[in-house]
Every structure is written in structure tokens, then in C-alpha cells.
Amino acid sequence: MDIRPIHNDTDHEAALRAIEQLWNAPPKSREAEELEILAILVEDYEKRRWPMPTASPVEILNHAISDMGHSQSELAQLVGSRSRASEILNGKRRLTIGNAHKISKEWHIPAELLIAPYAVDSAA
């Protein structure tokens, strides 16, 4: 197989078709190695072509509440109080590492998304 860098959407489509053909390649075969290389190239192209915007921990929590079926009351139970949950959601208080890990475990959100640095309202 002729493996080349992915420079555009046409190259991307061709790589995806090749991956589909190689999908059930026997482990440690030449085809499996080609599949691995193509997957790396596709992942790299997709990260460059469609970069994921970074969201702050507060935005992640708001998404969990608005779109994932969680509630501010649940958050309050995890962080210790309703007022603390409100302060976190309003950007007036940071999540502690311990609270981030509790939320991660209970809500199945990767902890690294919740412990990322973010600004808080210093006037609070």
C-alpha cells in the first residue's frame, strides 16, 4: 500500500477507505502495521483540520448540567453545599482537586477536563 501524508479532505477520505479495508487485519501483520500508521495520520489530520475548542472546567460543568442530565443540586452534594456549587458555576470559586475527582468519578467526566487552569472572578 502507498501510505502518504494527509494534506486535504480527499486524502482524508482515501485514508478512511483504506482503514476500512484493513480493519480486521491479523495482529502483527504488515496490514496491521499499515492500519496503525493510517490511523495515526488520520488522527493528526483531524486534529489539525477540526481542532477541538478547549472548554473551561466551569463550561464542562454547565454542559453536564444542561445536556447530560445532571443538576446543580447534585453538584452541591459533591462539592459540599449549594452556595459553593453556585460560586463554582458563576466563576467565583475554583474547583478543588478533591472535588474535581469526585465529580469525575460520579459524572464520568475525565478529571483532566476539570482540573485545567481557568480564571475566576477576582472581585469576589
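What number of residues in the stretch 107-124 are without any contact (Cβ under 8 Å) to a residue 12 or more places away in the chain and either surrounded by 11 or more Cβ atoms within 10 Å (Cβ to Cβ) or hydrophobic (A, V, I, L, M, F, W, C) (or both)?
So in the stretch 107-124, the residues without any contact (Cβ under 8 Å) to a residue 12 or more places away in the chain come out as 108, 110-112, 117, 122-123.
The next check asks that each one be either surrounded by 11 or more Cβ atoms within 10 Å (Cβ to Cβ) or hydrophobic (A, V, I, L, M, F, W, C) (or both); those that pass are 111, 123.
Matching residues across the stretch 107-124 total 2.
The listed residues are S86, S104, and the only one of them that is more than 20 Å from P53 (Cβ to Cβ), in contact with a Pro (Cβ under 7 Å, 6 or more places away or on another chain) and surrounded by 11 or more Cβ atoms within 10 Å (Cβ to Cβ) turns out to be S104.
Within the set of pairs 6 or more residues apart or between chains, which connect a residue that is farther than 14 Å from H7 by Cβ inside the stretch 36-47 to a residue that is of a type outside the set (D, E) with Cβ atoms less than 6 Å apart? Close Cβ pairs satisfying both conditions: I37/I3; L38/A15; L38/A18; L38/I19. Restricting the search to the stretch 85-111, which residues are among the charged types (D, E, K, R) and over 13 Å from V58 (Cα atoms)? Selection gives K102, K105, E106. Considering only residues of the stretch 48-65 that are free of Cβ contacts under 8 Å to residues at least 24 places away in the same chain and over 21 Å from K105 (Cβ atoms), which is farthest from the chain's Cα centre (by Cα)? Selected residue: R48. Within the stretch 90-124, the residues that satisfy the criterion of being touching a helix residue (DSSP H, G or I) at 6+ places or on another chain (Cβ under 6 Å), in a helix (DSSP H, G or I) and aliphatic (A, V, I, L, M) are A100, I103, A111, L113, L114.
Every number in this text was worked out from the coordinates using simple rules, so none of it is lab data. Keep in mind that what you see is a predicted model, and the values were worked out from it rather than measured. With ideal geometry, Cβ positions are generated from the backbone for all residues, glycine too; neighbour counts draw on all protein chains shown.
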